Amino acid sequence: MNIPRPEHPNPQFMRSSWLNLNGEWSFEIDKSKSGLEKKYYLPEKKFDRKITVPFCPESILSGIGYKDFMNAVWYSREFTVPDRFKGMRVLLHFGAVDYKAVVYINGKKVGTHKGGYISFSFDVTDFLVNGVNTLTVYAEDDVRDPMQPRGKQSEEYYSHGCDYTRTTGIWQTVWLEFVPQSYIESIRIFPNAKNCSVDIQAKVVGAGKFEALALFHERIMGVATVETEGGFITAHMELKEAFLWDVGEGRLYDLELRFNDDRVDSYFGLRDIKLDGSKFLINGKSVFQRLVLDQGFYPEGIYTAPSDEALVKDIQLSFDVGFNGARLHEKIFEPRFLYHCDKMGYIVWGEYPNWGLDHTMPEAVYSILPEWMEELERDFNHPAIIGWCPFNETWDRNFRKQVDEVLETVYRATKSFDPTRPCIDTSGNFHVVTDIYDVHDYEQDVEVFTNNFNKLMTEDKLHDQHTHRQHYNSEPTFVSEYGGIRWSMDPNEQNAWGYGNAPKSKTEFIDRYKGLTDALLDNDKMFGFCYTQLYDIEQEQNGLYTYSRKPKFETSIFKAINSRKAKIEL
């Protein structure tokens, strides 16, 4: 049977003993949310529809294509543990389920998870029987709930503005992993480029010997061994040679980890990050961040890429027009995408889909902080991630202002967990406490845009449309959203949406793009920019590519504009 998305979902923590559960599942839309009372979780319950996991039911690739609101859905499938894995502990993994998931094995509740974007798992060993087992998943999803972050999923029936088709239920790979009785639970990797070393923190189950072996192109670079009675350990490793991870040069060390009979394959990049005045340094070198907004939508899969190759293609498309990274906007991207960013030297900001969450209410902290901390833990080891941003544009609601303490709490929790990367509290507005003071500016007049930001160089005054609510204090800065120039490939398109007035010709588009971008490249107080956006998404047609990833213009034009040296790099 052909399994969709068959590749291992997490190359940074990979065992050979695993089983992909993607493919055909039974499916039911629970319109009345009465499935729990009807005991849909029992193995004998049969659902009427079939769905292809890991694609959400709104998508074409799922085989369902139902785009109306679905407040509750059910999934079911059978599986058998292969004989070669008998006697091992069994971990059940979900890449992501939107929004609240309840998981059952053979009619018994295994556990629950709240949060539609991050991975989670359960030890299901004690729920299994010999032979056939039934896995059932119940998911609740309400994008209109002000305590539920929804990202760019439309809270209206139709897509509109910069909100798009919704995603409900399972939308990333489901898989089983088989581990020995004593095993490695998780790792955190702390590379030190200056000292050519790496520290590995690990959580282990059981007592024994933890061993780490680092290799570069199959040559041994370092070893470390730690004896432990279980729990938490730290291993220090000196590396024989330094191969620095850099922008466009994703040099990665392979990492082989052993703990008794358990083996995990991983990797790391040797790189350091530092803020120095106005500069953003990677390995001690000022790097101008030529970023693009990437929202991770696909015409046929919506939130889910149709293939692993599609993930690679999006990164390459960005490189082809001269960008060196992306803001992964209003979505937590899957580990496979981050893996390819690591391999290709593509810098990214790890962000959270906070839109839809009412941050004017103090209880909002309970809806973001648990899942955000899960994201930090899952994605901490990716060298491509060079910063964190938990909120984006925290606008007022019903004349109520944001609760500043919510933003500050999340910022301080982020810095406590990860002191190695900068954190932007809320991109654009309204800043409370932040390492980087970024702004969004969709001014389309090149002369006005240029003059506004030139004042940063001449007067140390950052042009900011929200000075009544936030104050620039000479922090490192960049314009993290600009452009958004509307250009539809269909001249008769009436619903195409973008920022400002659309250019009347391709020449006018290119001239405007160049003028806006030059203003930021030539500003020696700016360490980067982020253009909106890489590709169109449904009605929002302001990408350099169409939604189907076809170039709207000659790509070499934008590569020449974007890739020239920035003033801060000289």
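Observations, loosely collected:
- The alpha carbon centroids of segment 265-311 and segment 179-207 are separated by 23 Å.
- The helix-only estimate of mean residue ellipticity at 222 nm for the chain, built from DSSP H runs of length n ≥ 4 each weighted as -39500 (n - 2.57), is -5000 deg cm²/dmol after division by the residue total.
- By accessible area with a 1.4 Å probe, ligands and nucleic acids excluded, highest first: order of Cys196, Cys56: Cys196, Cys56
- Taking all protein chains together and rolling a 1.4 Å probe, His329 ends up with roughly 0 Å² accessible.
- Rounded accessible area per residue of segment 1-66, 1.4 Å, Å²: 50
- Most to least accessible of Lys559, Lys415 (protein chains only, probe 1.4 Å): Lys559, Lys415
- Remark: accessible surface ordering of Arg150, Arg49 (largest first) is Arg49, Arg150, probe radius 1.4 Å.
- The chain - Rg over Rh from alpha carbon coordinates, Kirkwood radius: 0.97
- When the surface is traced with a 1.4 Å probe over the full set of protein chains, His431 keeps roughly 20 Å² accessible.
- In terms of the mean number of neighbouring beta-carbon atoms within 10 Å, the peptides 267-280, 76-89 order highest first as 267-280, 76-89.
- In a simple Cβ point-charge model (Lys, Arg +1; Asp, Glu -1; nothing else charged), the chain has a dipole of about 700 debye relative to its Cα centre.
- Of Val247, Phe120, Cys389, farthest towards positive along the dipole that unit charges on Lys, Arg, Asp, Glu beta carbons give the chain: Phe120
- Given charges at Cβ of Lys, Arg, Asp, Glu: the chain dipole, positive-most of Ser26, Tyr157, Asn324: Ser26
- Percent accessible area from carbon and sulfur atoms, the chain, protein chains only, probe 1.4 Å: 49
- Around the Cα centre of segment 27-89, unit charges on the Cβ atoms of Lys, Arg, Asp and Glu (plus for the first two, minus for the last two) sum to a dipole of about 200 debye.
- The mean accessible area for residues of segment 314-355, using a 1.4 Å probe and ignoring ligands and nucleic acids, is 15 Å² per residue.
- Whole-angstrom gap from segment 453-499 to segment 12-53, using each part's C-alpha centre: 44
- 15 Å beta-carbon shell around Asn22, net charge (K/R +1, D/E -1): -2
- Segment 333-390-segment 83-159 distance, computed between alpha-carbon centres (Å): 19
- Placing +1 on each Lys and Arg Cβ and -1 on each Asp and Glu Cβ, with no other charges, gives segment 459-508 a dipole about its Cα centre of roughly 180 debye.
- Spacing of the modelled spin labels on Arg564 and Ser474, each 7 Å from Cα toward Cβ, amounts to 3.1 nm.
The values are calculated or read from the model by the stated rules, or taken from the named source; none is laboratory data. If you're wondering where the values come from, they're calculated on a predicted model, not measured in any experiment. Because the Cβ atoms are built from the backbone with ideal geometry, glycine has one as well, and the counts that use them run over all protein chains shown. Note: accessible area is taken over every heavy atom of the protein model, side chains too, but ligands, DNA and RNA are not part of it. Shrake-Rupley method; radii C 1.70, N 1.55, O 1.52, S 1.80 Å.
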